[in-house]
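Some notes on the structure that comes next.
Taken together, the values in this text are just the output of simple stated rules run on the coordinates, not laboratory data. Just so it is clear, the structure is predicted and the values come from calculations on it, not from any experiment. Don't worry about glycine lacking a Cβ; one is built from the backbone with ideal geometry, like all the others, and counts go over all protein chains shown.
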Amino acid sequence: MRGSSRRAGEEVTEVTFGDPQCPADIREVRDRVAEFVRDRVLPCEPVLDGGGPDAAAALARLRREARREGLWALPLPTELGGQGMPLKAYAHVAEAEGESDHGPAALGSHALLDALMLWRHGSPEVRERYLAPLVSGELMASYAMTEPDVPGTDPFLTRTRAVPDGAGGWRVTGRKWFASGAGGADLVTVLARTDGEAPDREGLSLLLVPAAAAGFRVVRELPVLGAAGQAEIALDGVRLPPGHLIGERGRALAVAAERLQLGRTLRCLRWLGQARRAFGLMRERAATRARSGGVLGDLQLVQRHVFESLLALRTTRPLVHEAATRLGAGLDAHIEVGLAKVAAARTLEQVADAAIQVHGAAGLGPDTALPALFRTGRAARLLDGPDELHIVSVARRVLRPART
């Protein structure tokens, strides 16, 4: 979702929350990324948010600069043209990238989920044709799972259908919505039923659909609380050549689960970065906004906003990094990711709300990033599964009888 705009006169104050587990070499990279995002990406946000040719030119320039400074595609495998930074280390960098919604795209990490999926589960034809352009930023990808009038938490009710075309390929028919970035994507991974009937737990597959294919159509943009970036798409008998099935037929949910665990963790890290941005704005406002007899920060109620926000950030960060550490080690992280997702979404919403309160009416207007940050925080409680889904899932796992 787009929307973390920096306006003229806005200052984002660096706040160090204490991160003793971050090695010195990773801290150096993290600080370079933070400087790049703040000095180069944030000033471009109004242009990037607007889309169109100007946004494309600005993004291309930022990508050239990122490559020149050795910051391109840090977490992607070296075999794919990335720098191979392990997830545990990259987690520290992802926070800095995430201060802006455009940070991952400007620095090349936005392709991580799709590149890993195609690398691990794509056919030789797909890997040969799409992987290198995806990693280089030449191609953009999207992921389409949810559908109108179908609960997003119940993929077994998926209505989109893919049938063999008799020549080794597929014909896909259906509709998807709230697909991030699908409006400008070159490739869209689509969840479709290839066997059985809803609500069968088997028979769901993932297929890679080129947006240029006949029958692929962007129905409309779906603004989320006024922010662009989501789309509804239609697949009207789209024909796919052989090799565009991702993973095994009928085994989509295994691939999707792998992707979702990492995707949720990356989102949490980036939400932390945006919460830190909101905290910096609040801190600056409290310290400099004059009032009769002093500044806003002298008021105990303002101090409480600062304290509660810092407490939320400090207690959420270990949860998110624990999830990243377990995922990076190949361990089961369902509980850790569920805890992190709910905590990070709540923290971003809470800190952005407190920052708006400290800013007063100015926090509601166009002169700061706070409306966009709050919007992202509120949407975060639904993105990648609503809070309620994760709460129930974690609780059920915790309450399972111990197995001997």
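For the reader, a short list of remarks on this structure follows.
- Ordering TRP119, TRP170, TRP271 from the fewest to the most neighbouring beta carbons within 10 Å gives TRP119, TRP170, TRP271.
- Equivalent ellipsoid dimensions for the range 141-246 as semi-axes, Å, which come from the Cα gyration tensor, largest first: 22, 17, 10
- Rg over Rh, two decimals, the range 255-321 (C-alpha only, Kirkwood Rh): 1.20
- The range 155-309: radius of gyration over Cα atoms, expressed as a fraction of 2.2 N^0.38 Å: 1.55
- Lys/Arg +1, Asp/Glu -1 at C-beta; the chain dipole; positive extreme among CYS44, LEU116, HIS390: HIS390
- The phi-based Karplus calculation (6.51 cos²θ - 1.76 cosθ + 1.60; θ = phi - 60°) puts the 3J(HN,Hα) values of the range 195-206 at 8, x, 9, 4, x, 4, 7, 10, x, 9, 9, 10 Hz, whole numbers, x for Gly and Pro.
- Relative contact order for the chain, counting Cα pairs under 8 Å that sit 6 or more residues apart, in percent: 17 percent
- Set against the 2.2 N^0.38 Å expectation for a compact globular protein, the range 37-105 has a Cα radius of gyration ratio of 1.15.
- Computed on the Cα atoms alone, the convex hull of the range 349-404 gives a volume of 89 cubic angstrom per residue.
- At R0 = 30 Å, FRET efficiency that the Cβ-Cβ distance of ARG289 and ARG61 yields, to 0.05: 0.30
- Overall, the range 254-399 carries a charge dipole of about 140 debye about its Cα centre when +1 sits on the Cβ of Lys and Arg and -1 on the Cβ of Asp and Glu, all other atoms neutral.
- The Rg/Rh ratio for the range 89-154, using Cα coordinates for both the radius of gyration and the Kirkwood hydrodynamic radius, is 1.06.
- Packing rank of 310-318, 217-225, 94-102, where each peptide gets the mean count of other beta carbons within 10 Å, highest leading: 94-102, 310-318, 217-225
- Among PRO23, PRO86, PRO241, the largest mean-square fluctuation in a Gaussian network model of the chain (Cα springs under 10 Å) belongs to PRO23.
- Residue among ALA290, ALA355, ALA257 with the largest mean-square fluctuation in a Gaussian network model of the chain, springs linking Cα atoms under 10 Å: ALA290
- Spatially, the range 67-130 and the range 220-244 are offset by 23 Å when compared through their Cα centroids.
- Note that the chain carries a Kirkwood radius of 22.0 Å, evaluated over its alpha carbons pair by pair.
- Highest-MSF residue in the chain out of CYS22, CYS268, CYS44 [GNM, Cα springs under 10 Å]: CYS22
- Taking other C-beta atoms within 10 Å as the exposure proxy, PHE279, PHE216 rank PHE216, PHE279 from fewest upward.
- For the chain, the dipole from Cβ point charges (+1 on Lys and Arg, -1 on Asp and Glu) about the Cα centre works out to 400 debye, to the nearest 20.
- Taken about its Cα centre, the range 56-103 carries a charge dipole of about 240 debye when Lys and Arg each add +1 at the Cβ and Asp and Glu each add -1 at the Cβ.
- Its Cα gyration tensor gives the range 254-399 an equivalent ellipsoid; the semi-axes, largest first and in whole Å, are 33, 14, 12.
- Computed log₁₀ I(q)/I(0) - Debye formula, equal Cα scatterers, no solvent, the range 14-145, q 0.19 Å⁻¹: -1.10
- When the Cα positions of PRO23, LEU399, LEU76 are compared along the charge dipole of the chain, LEU399 comes out farthest toward the positive end, with charges on each C-beta of Lys, Arg, Asp and Glu.
- Projecting the Cα atoms of LEU310, ALA323, GLY338 onto the charge dipole of the range 254-399 (Cβ charges, centred on the Cα centre) puts LEU310 farthest toward the positive pole.
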